[in-house]
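Visitor: Before I ask anything, here is the structure I am working with.
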Amino acid sequence: MEGREEVKEPKPSFPLSLWELSVASTVVIGFLVGLAGVYLTMPASDYSFLKFPRSLEDLQLLRDHLETYTSDYTIQVLVGYCVVYIFMQTFMIPGTVFMSLLAGALFGVFKGVALVVFTATAGASSCYFLSKVVGRPLVFSLWPDKLSFFQAQVAQRRECLLNYMLFLRLTPTLPNTFINVASPIVDIPYRIFFLATFIGLIPAAYITVKAGIALGELQSVGDLYDFKSIATLFIIGVVSVTPTLMSKTKS
């Protein structure tokens with residue numbers, strides 16, 4: 001009818017469409033099935049101690065129980081550890097620092113660092129691809145200002161993007177969780193994301209895993225990164241970004 005204005009339906013407040021929500025749910029179910037498979041293959045016992053560690057006390061309890069299983073059921077513990085770490089990293093669940101400490105307590109420095117770097121890179125990659133499919137509305141909703149800043153910085157450093165990404169991974173300039181989710185949104189190629197993640201996480205993984213060996217001596221998570229450790233990471237980060245600064249100076 002003429003003269004009648006068309007009434008527009010309000011947009012849904014939830015930032016994901018039904019299809020995007022279905023994809024995310026499928027990934028969650030896949031991880032839960034993997035965790036259930038690990039749980040069912042473990043020996044009969046009381047597993048009430050199994051939970052995501054939220055404190056050093058939770059972590060010490062988990063370490064004390066898992067030490068007895070690690071030697072006899074190494075494969076199950078490894079697979080379970082990997083699935084849990086990747087799950088936490090994929091869905092931005094806090095507590096991966098405790099998982100890194102646990103790797104040192106159970107497997108030692110060399111194996112622990114290798115395990116943490118592998119699972120952290122796999123989890124970050126999983127988060128990257130999931131965000132590429134369903135993450136855009138969430139990132140714009142949660143971090144609009146931070147995303148604009150990140151996008152502008154990436155655009156300025158396209159020629160030396162790997163160095164810039166290494167700098168971000170080595171220093172606390174931007175949270176790793178945000179980098180994982182936002183990288184596909186600002187068109188960072190996966191090969192650069194992968195290399196920067198794999199290489200850039202090694203120093204911090206070494207510090208955390210090494211601290212996990214002397215878990216009983218830690219009073220708080222803040223003890224992990226003293227002034228010397230933070231300064232070392234910043235120096236490595238500055239070295240990694242130097243080619244970017246030099247190229248801008250030449251330009």
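The values are calculated or read from the model by the stated rules, or taken from the named source; none is laboratory data. All values derive from a computational prediction rather than experimental measurement. Every residue, glycine among them, receives a Cβ derived from its backbone with ideal geometry; neighbour counts consider all protein chains shown.
Visitor: If you go through region 171-185, how many residues are assigned to a loop (DSSP other than H, G, I, E, B) and small (Gly, Ala, Ser)?
Guide: Of the residues in that region, 1 qualify.
Visitor: Right, something else. Under 7 Å between Cβ atoms, at least 6 apart or on separate chains: pull out the pairs that start in region 183-202 with a residue that is farther than 20 Å from Thr96 by Cα and end on any residue that is charged (D, E, K, R).
Guide: Close Cβ pairs satisfying both conditions: Pro184/Lys132; Ile185/Arg136.
Visitor: Can I ask one more? Starting from residues that are without any contact (Cβ under 8 Å) to a residue 60 or more places away in the chain, farther than 15 Å from Phe198 by Cα and among the hydrophobic types (A, V, I, L, M, F, W, C), keep the ones in region 107-128 and report whichever is surrounded by the fewest Cβ atoms within 10 Å (Cβ to Cβ).
Guide: The extreme case among them is Phe110.
Visitor: A further question on this structure: Just checking, does region 190-198 include any residue being aliphatic (A, V, I, L, M) and buried (at least 22 other Cβ atoms within 10 Å of the Cβ)?
Guide: So far as region 190-198 goes, yes, one or more of its residues are aliphatic (A, V, I, L, M) and buried (at least 22 other Cβ atoms within 10 Å of the Cβ).
Visitor: Test Leu101 against the stated conditions and say whether it is in contact with a Ser or Thr (Cβ under 7 Å, 6 or more places away or on another chain) and surrounded by fewer than 24 Cβ atoms within 10 Å (Cβ to Cβ).
Guide: no
Visitor: May I ask you to verify whether Ala36 is part of a helix (DSSP H, G or I), of a type in the set (A, V, I, L, M) and closer than 25 Å to Phe194 by Cα?
Guide: Spelling it out, it is not the case that Ala36 is part of a helix (DSSP H, G or I), of a type in the set (A, V, I, L, M) and closer than 25 Å to Phe194 by Cα.
Visitor: Which pairs do you get when a residue that is within 13 Å of Ile185 (Cα to Cα) and in contact (Cβ under 8 Å) with a residue 40 or more places away in the chain, found in region 146-166, comes within reach of a residue that is of a type in the set (Ser, Thr, Tyr) and not in a helix (DSSP H, G or I), reach meaning Cβ atoms under 7 angstrom, with the pair 6+ apart or on two chains?
Guide: none
Visitor: Identify, please: which residue in region 168-220 is of a type in the set (D, E, K, R) and over 21 Å from Asp64 (Cα atoms) and is, among those, nearest to the chain's Cα centre (by Cα)?
Guide: That would be Arg169.
Visitor: If only one of Val186, Val154 is modelled with pLDDT of 90 or more, closer than 25 Å to Pro203 by Cβ and surrounded by fewer than 17 Cβ atoms within 10 Å (Cβ to Cβ), which one is it?
Guide: Val186
Visitor: May I pose another question? In contact with a helix residue (DSSP H, G or I) (Cβ under 6 Å, 6 or more places away or on another chain) and aromatic (Phe, Trp, Tyr): which single residue out of Tyr73, Tyr81, Tyr85 fits that description?
Guide: Only one candidate qualifies: Tyr85.
Visitor: Asn180 is checked against (1) surrounded by 20 or more Cβ atoms within 10 Å (Cβ to Cβ); (2) in contact with a Leu (Cβ under 7 Å, 6 or more places away or on another chain) and fails just one. What number does that condition carry?
Guide: Going through the list (1) surrounded by 20 or more Cβ atoms within 10 Å (Cβ to Cβ); (2) in contact with a Leu (Cβ under 7 Å, 6 or more places away or on another chain), Asn180 breaks only (2).
Visitor: Please tell me if Leu101 is more than 23 Å from the chain's Cα centre (by Cα), aliphatic (A, V, I, L, M) and closer than 22 Å to Ile213 by Cβ. Full working, then the answer.
Guide: On the way: more than 23 Å from the chain's Cα centre (by Cα): no; aliphatic (A, V, I, L, M): yes; closer than 22 Å to Ile213 by Cβ: yes.
Considered against the rule, which asks whether it is more than 23 Å from the chain's Cα centre (by Cα), aliphatic (A, V, I, L, M) and closer than 22 Å to Ile213 by Cβ, Leu101 comes out as no.
Visitor: Here's something else I'd like to know. Among the numbered criteria (1) crowded, with 18+ Cβ neighbours inside 10 Å; (2) of a type in the set (Phe, Trp, Tyr); (3) modelled with pLDDT of 90 or more, which one does Phe87 miss?
Guide: With respect to (1) crowded, with 18+ Cβ neighbours inside 10 Å; (2) of a type in the set (Phe, Trp, Tyr); (3) modelled with pLDDT of 90 or more, Phe87 is out only on (3).
Visitor: Given the conditions (1) in a helix (DSSP H, G or I); (2) at pLDDT 75 or above; (3) surrounded by 14 or more Cβ atoms within 10 Å (Cβ to Cβ), which single one is not true for Ala24?
Guide: Result: Ala24 fails condition (2) only.
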